[in-house]
Amino acid sequence: MKRRRLITSTERARLDPFIVATGDASPRDQRDLMERPFFSLAKAKRIAPILYETGGVRVEVFAVPEHGMATIWDADILIWAASQIVEAENLGLQTSRFLRFTPYQLLTSIGRETGQRDYKLLKGALTRLQSTVIRTTIRQGEHWRRHQFSWINEWEECVTRNGRVEGMEFVLPDWFYRGVTDRSLVLTIDPAYFRLTGGIERWLYRVARKHAGRQPRGWIFEFAHLHEKSGSLMRVSDFALQLRRIVPRQPLPGYRLHIERKGRRELLRILPAKSSIGPVDGAVDAVGTSHANGIGISHAGPSGLRTQRSQLSLWPETTIPGLNLESNRESNSYVARSDVENTVAAAINGLLRKTSGARPTGSDTAHPSRLPLGRKPGGGR
């Protein structure tokens, strides 16, 4: 086996490795990454930056011309890493930003093949994750106003003399690691997510999981607002066309999509449906909408279909704390008065039941003894 070079100046020399033993863990995603535009939704190389700001939160994503921006398929590596860390911590094991693993563990966990081409694509994804630079004000401290980092600080592979990859290791940024070890910032996702082939539908599932959860009335967005949240380079009309084509296929595991129209406005309602991950959070009565100008019928040509075609060219195809209103605030500039009143009334009734000793119902308030997401003997979320 080829001897790995020791570079003492790297972070790996200062961190204890977290060795992934099996790679078997329920998939989990980081909430901040699910609701904001951090990744390219297209397979084609993207150089144009993402600049997104709302509700006092700013996200900037920059790519280098040589490699392009990290894609939403590359983000599967981060989902895998988050899943391993959360699972280990639930079992009382020590974790670290420095992960050591075999490529086979990672690839099989996220539904990829394990051929030579797939290992090559994995290395390309790691390179894009390392070269993409993020600046954001999310989770800023009292005296710190902006974080700048890459999704992977550094990575290395260990190969045999004949070039076979036998092991890999990488170091995650502190911003991401802290967001994963904070249990309130992680959500379990459906394993079927990895089988979604389109960039927009993958992104749409993460939005659905973050905002709609298991709320009986779901969540509703205007098309233009979804376009803004996605960071897509498409025109709004082309993006709307893609949404109209996705809805009849109903590809999102655990959710149903419906298009509603109010005057000239087009809205997408996301409703919970039967899911393989089971119930994930309780009811929230409010249904949010976001204001935007009406969107007309799109006359986009084939150029708008880039992220709609099959995406097999790259790789083959918990708890939720409290009512999901605070984190959804920036996604909704309008909430019906009756919905707000219903939410306040439900919260007051819940407090009254709690003080009277009655067991609360329909609440998604997180508690260590009530972990609904794929609970395992080791206490997994």
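Please list, ordered by residue number, the strands (runs of 3 or more DSSP E) wholly in region 7-92 having 2 or more residues that are closer than 19 Å to A192 by Cβ and modelled with pLDDT of 95 or more.
Where strands (runs of 3 or more DSSP E) fall fully within region 7-92 and carry at least 2 residues being closer than 19 Å to A192 by Cβ and modelled with pLDDT of 95 or more, they are 28-30.
Listed here are the residues, each with its yes/no results for (1) within 20 Å of the chain's Cα centre (by Cα); (2) modelled with pLDDT under 95.
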position: G231; (1), (2): yes, no
position: V236; (1), (2): no, no
position: E260; (1), (2): no, no
position: G263; (1), (2): no, yes
position: L268; (1), (2): yes, no
position: G288; (1), (2): no, yes
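Of everything in region 210-227, what is of a type in the set (D, E, K, R) and at pLDDT 95 or above? Give them in sequence order.
Answer for region 210-227, where residues must be of a type in the set (D, E, K, R) and at pLDDT 95 or above: just E222.
Of the residues L78, L106, L121, L129, which is among the aliphatic types (A, V, I, L, M) and over 18 Å from the mean Cα position of the chain (by Cα)?
Residue meeting the stated conditions: L121.
Restricting attention to region 217-268, which residues are in contact with a strand residue (DSSP E or B) (Cβ under 7 Å, 6 or more places away or on another chain) and assigned to a loop (DSSP other than H, G, I, E, B)?
G218, G231, Q250, G254
Criterion first (out of contact with any helix residue (DSSP H, G or I) (no Cβ under 7 Å at 6 or more places or on another chain), at positive phi, at pLDDT below 95 and not in a strand (DSSP E or B)) does G282 satisfy it?
Answer is no for this residue.
Given the residues F194, F149, which is the only one that is crowded, with 20+ Cβ neighbours inside 10 Å and either modelled with pLDDT under 95 or in contact with a helix residue (DSSP H, G or I) (Cβ under 7 Å, 6 or more places away or on another chain) (or both)?
F194
Looking at G124, G115, which one is over 17 Å from P173 (Cα atoms), among the small types (G, A, S) and either buried (at least 16 other Cβ atoms within 10 Å of the Cβ) or modelled with pLDDT of 95 or more (or both)?
The conditions single out G124.
For the structure I just gave you, tell me whether I138 is hydrophobic (A, V, I, L, M, F, W, C), under 30 Å from A212 (Cβ atoms) and part of a loop (DSSP other than H, G, I, E, B).
yes
What about Q242, is it of a type in the set (S, T, N, Q) and more than 26 Å from V186 (Cα to Cα)?
Considered against the rule, which asks whether it is of a type in the set (S, T, N, Q) and more than 26 Å from V186 (Cα to Cα), Q242 comes out as yes.
Specify the residue that is nearest to the chain's Cα centre (by Cα); the eligible residues are those in region 183-226 that are over 25 Å from E87 (Cβ atoms) and of a type in the set (D, E, K, R).
E201
The values are calculated or read from the model by the stated rules, or taken from the named source; none is laboratory data. Treat the numbers as computed from the prediction; the structure is a model and nothing was measured. A quick note on method: Cβ atoms are made from the backbone with ideal geometry, for glycine too, and the neighbour counts reach across all protein chains shown.
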